[in-house]
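Asker: Handing you this structure, nothing more for now.
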Amino acid sequence: MNPIEAITSVLGKYFSFQGRACRSEFWWWWLFNLIIGLVIAGTAIASRDNGILMGYYLVTFLPTLAVTVRRHHDGNRSGWCILLGLIPFIGVLVLFFLYISKGTDGPNIYGPDPLGY
């Protein structure tokens, strides 16, 4: 999945916590969020107005949460695994490993393979 397809897919599934998200969809979305967030943060610092940055993160919170849950579904795990991030340091490392690992080949209980295999 290329970057444009990934971003449009995430925005098209804005409120969807069902199904699966492949690694490329997940990581392209996070890179897009990082770049746009840094640009907006730079302008917010220059203008001393954090309202735009806070607005951006409020608008992108739900699709980010949804694609993260769908990424867990791709590995045949519950979306509640996202709460592992609450464990200091180790939780973040475990989540990072889960996000970079390959999803389940073929269909699983959360739906068909997003890569079509």
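For every residue, the table says whether it meets (1) over 15 Å from the mean Cα position of the chain (by Cα); (2) without any contact (Cβ under 8 Å) to a residue 40 or more places away in the chain.
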site	(1), (2)
A46	yes, yes
M54	yes, yes
L58	no, yes
L62	no, no
R70	no, no
P88	yes, yes
Y99	no, no
G106	yes, yes
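Asker: L84 versus (1) part of a helix (DSSP H, G or I); (2) of a type in the set (A, V, I, L, M); (3) closer than 16 Å to L115 by Cβ: which is the lone unmet condition?
Answerer: Every listed condition holds for L84 apart from (3).
Asker: Quick one: S101 ticks every box in (1) in contact with a Cys (Cβ under 6 Å, 6 or more places away or on another chain); (2) exposed (fewer than 12 other Cβ atoms within 10 Å of the Cβ) bar one, so which box is it?
Answerer: (1)
Asker: In region 68-117, how many residues are among the acidic types (D, E) and farther than 16 Å from W30 by Cβ? Step through it out loud before you land on a result.
Answerer: Here is the first cut: in region 68-117, the ones among the acidic types (D, E) are 74, 105, 113.
Add one more test, that the residue is farther than 16 Å from W30 by Cβ, and what stays is 105, 113.
Within region 68-117, residues that are among the acidic types (D, E) and farther than 16 Å from W30 by Cβ number 2.
Read-outs: derived from the displayed coordinates by stated rules, not from any lab. Since we're looking at a predicted model, the values are computed, not measured. Cβ atoms come from the backbone with ideal geometry, glycine included; neighbour counts cover every protein chain shown.
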